[in-house]
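Taken together, the values in this text are just the output of simple stated rules run on the coordinates, not laboratory data. Remember, it's a predicted structure, so these values are computed and weren't measured experimentally. Note that we place each Cβ from the backbone using ideal geometry, even for glycine, and neighbour counts take in every protein chain shown.
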DNA sequence: CTGAAAGCGCTTACAG
DNA sequence: CTGAAAGCGCTTACAG
């Protein structure tokens, strides 16, 4: 392995000036610069990041803490983070927390020992003080830790209004809203949006809390549909719940979208594969991840961050679980 | 930050014996051991992994190279790898390669500079020589690089036989096999299994090559179904293709499973959410990942590896796209 | 069984 | 503008 020493020797300068040149820190004469460049080239020298880390107490590792990569929402997020990380020369460490504060803390601690550059955190049960005191750059998704930590999230409320209106415009008269877990910020924002849209309509509706879980959602919807067969529209706070609703509906003999229209939220790939295809309020998950990564890297590199709160617009995707609009 | 020096001072020994004790390398008297233990405890000392890496040229980072975490097959694999990595004190770096050899090489190079402990590689277009010469422990999924590199994969051929037989047992008389891309080992093994099972049946069949992509599969199946309306069974080499087939079938007015039965391959979560639920040959992806990680760590820690080839059994999951067995 | 010392490959005041 | 030297926090022959 060729080291900075080899380069210095070949270039006829000291390791200090090689280092200065490589890091663009401090003055280096044009002459020296040229000699170093040539030596680096010739020796195919590449800086040892571990040795550098030991000195600078910084690495180019980014920690991505999320509940579970297995949840269909996260792969795309991870992909986006990794793509932009790669662009900027960072490497991403994957951390599944299972929403367990102990696991989160554990990751934070072990990665800080490795001089991790920063964290992107997606979690519902964030141990706020632990993050607030982590003393390392952080960007949070879907949750505010404190005013100093930038947050990126979807325009959940707006999205819920769009989703609700899609159902209203298509003639639904009795809407079931599948509300997500109450400890989730995004779920609550969606709830607010739904309430705002539905209440200005004077139509019948009901709200049922429902985890973002397929089988549970199916079961809950099956029950509610039995209790109230006049329900003709379902707005689910997540695509997984919507898929459960769709299954319950078809098992209950309801025709979708003729008897019952369904709108989901998330825009997961699976929605397209259902029959009929799921109409949904799609989040731009990739964009969220990309923004989070960029903002984090700016923080790491001490560049100015223009804002602390990033809201990514949401988009209504019309597929087969809704009818064409009534004129 | 407390260092090994602090511990040495407090324990009244040299840093060398502290290091020896901590690494269980070389003799340390009971007395010294006790003093060091106490000092470590009292100072809450934790070894700096970066400094260690610089010396040993080893880290506890594991690189997970996969085509795209966004492909529904991989999140569970990643999860498994991370779970066992965590257990053994390793951290996993996520690398999306897009099947691009340049990206793979790039990752290998940059991570080797960080003294990565080893790689788990899932890829179709592996640049074999590059891996073979990587000079770092590797475990491959679904592909053999060379005899020295352990491989783990599903029992693909067996699985394909099971899947085909499931269709045969349920009265299919004209089966369409959706063969996966020809450059994929697993896809070819599945093809072999299908051929073996179907040829011993003397029934009608056809094979169509079809990428593991939803929309493409849907389109292909729609076309084939039109050409030959007597097809009454489809065996797809992947669940995504099966989902495409299901959609094409329902759009073509076929009743599933009455007119047409469908079996997929993979066991992805989405299969359950379809209507009807997808009958499929499920891989134990979590187990594959867990085995890969364990075998890799054994290699890293220079423990004996009992075998070089691990085949994980596959399981038939019967759901709604197949009928009950005819007696 | 133990410690002094060199070394891993870099960075960074500091003096010139 | 540049180099000698100390230092980042550990590990590891080597001598005793």
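For this structure, a couple of remarks:
- Helix-only mean residue ellipticity at 222 nm for the protein assembly as shown, each DSSP H run of n ≥ 4 adding -39500 (n - 2.57), per residue, nearest 500: -13500 deg cm²/dmol
- Rounded tilt (10° steps) of A:185-199 against the dominant C-alpha axis of chain A: 30 degrees
- Pairs of Cα atoms nearer than 8 Å and 6+ residues apart set the relative contact order; for the range B:156-283 it is 26 percent.
- Other-copy label distances relative to residue B:317, 7 angstrom Cα-Cβ extension, nm: 2.2
- Förster-model FRET efficiency, 30 Å R0, residue B:15 and residue A:100, C-beta, rounded to 0.05: 0.25
- Inter-probe distance in nm under a simple model that places probes 7 Å from Cα toward Cβ, at residue B:252 and residue B:109: 4.9 nm
- Inter-copy label distances for residue B:208: 3.9 nm (label point placed 7 Å from Cα along Cα→Cβ; shortest first).
- Principal-axis tilt of helix A:101-113 within chain A, Cα atoms, nearest 10 degrees: 20 degrees
- Counting 0.36 nm for each residue step from residue A:3 to residue A:135 and taking away their Cα separation leaves a gain of 44.3 nm.
- Available extension along the chain between residue A:37 and residue A:148 is 35.9 nm, counting 0.36 nm per residue and deducting the alpha carbon span.
- A rounded overall shape is assigned to the range A:156-283, the ratio a/c of its alpha-carbon gyration tensor axes (a ≥ b ≥ c) being less than 1.5.
- With R₀ fixed at 41 Å, the C-beta to C-beta distance from residue B:192 to residue A:68 puts the FRET efficiency at about 0.70.
- Rounded if a/c under 1.5, otherwise prolate or oblate - the range B:249-326, Cα gyration tensor axes: prolate
- Rounded to the nearest 5, the antiparallel percentage of DSSP beta bridges internal to the protein assembly as shown is 10%.
- Rounded to the nearest 10 degrees, the angle from helix B:156-169 to the longest Cα principal axis of chain B is 30 degrees.
- Between residue A:185 and residue B:202, the FRET efficiency estimated from the beta carbon spacing at R0 = 56 angstrom works out to 0.40.
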